[in-house]
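Where a number appears in this text, it was derived from the coordinates with a stated rule and is not lab data. These numbers come from a predicted model, not from an experiment. Here the Cβ positions follow ideal geometry from the backbone for every residue, glycine too, while neighbour counts run over all protein chains shown.
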Amino acid sequence: MPMLKVRGEDFHIRIDGDESAPVLLLSNSLGTNLSMWDPQIPEWSRHFRVVRYDSRGHGLSPAPDEPYSIAMLADDALAILDALGIDKAHWCGLSKGGMVGQWLATHHGDRLGRVVLANTAAHMGPPELWDGRIRTVRTQGMSVLVQPTLERWFTPEFRETARETVAKVSEMLATTPPLGYANCCGAIRDMDQRETIRAVRNPVLVVIGQRDPATPPAAGHEIADAIPGAQRIELAAAHLSNLEQPKAFGRAVTDFLKG
């Protein structure tokens, strides 16, 4: 099922695993697409019905040029579950996907089981940073952002030794719809979930990259401190920890979801 009609829009999705297994919904980071989860799918699909999708503004999903919000992106995820006839799912989101997961757990916790929030933040300022990035991508496209983004997302040694993975991510960034990326930047700029996530009651695992300059360890610890009972794990990685430490990431998520 490569495309799914959701409220009149076509979202790109992929489903792996047994139809009778518990559902795990995955949400990608800013500037990537559903293929960012490829290293984890063989393991996770043994235990779960894994549903992943290209977030609004990314991959093959719609990228309208209009204001986005984290609430809008969360509504997309709920609509995908509804279209598939799924009442409840575990959640794993990285970076922007983790921001969407925070909103869902706060406002629709009954639709989620266990929640993994990876390499993410409850608030990301200053607004001027995002405004500058929006201007850049709207006037110059995505290509100018690729190299500096890769330098934030991966440690220097990983960029040197895992060139195939880095090349794939580079391609994801370069082919992300510029207007979709810009409008998702606006959603992140306007987000502040630091207080609201205190209401989350789902079991939560916060995954933190020890060398993540995009969402630093302090941002992950802030989330874990705010959510009652949240667990946390730190991995020797920068921002895309599921790609830099695929086995450790996959195992930690599997153990938590099955716990």
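Assorted remarks:
- Computed [θ] at 222 nm, deg cm²/dmol, the chain (DSSP H ≥ 4; -39,500 (n - 2.57); rounded to nearest 500): -13000 deg cm²/dmol
- Note that the stretch 118-259 shows a convex hull volume over its alpha carbon atoms of 113 Å³ per residue.
- Axial C-alpha extent at least 15 Å, average Kyte-Doolittle at least -0.5 - helices from the chain (DSSP): 70-83, 96-107, 143-153, 163-175, 178-189, 246-258
- Cα shape, the chain, gyration tensor, a/c 1.5 rule: rounded
- For a paramagnetic label modelled on T161 (point 7 Å from Cα along Cα→Cβ), amide N atoms under 20 Å away belong, within the stretch 217-259, to 234-252.
- Extending 7 Å from the Cα toward the beta-carbon at both A248 and E195 defines two label points whose distance is 3.6 nm.
- You can think of it this way: the chain between Q210 and A83 has 42.0 nm of extra reach, that is 0.36 nm per residue less the Cα-Cα gap.
- Remark: relative contact order (the chain) = 21 percent; criterion is Cα-Cα distance under 8 angstrom and separation of 6 or more residues.
- Hull volume in cubic angstrom per residue (convex hull over the Cα atoms of the stretch 146-187): 64 Å³
- Counted residue by residue at 0.36 nm each, then reduced by the alpha carbon distance between them, the extension gain from S20 to D255 reaches 82.6 nm.
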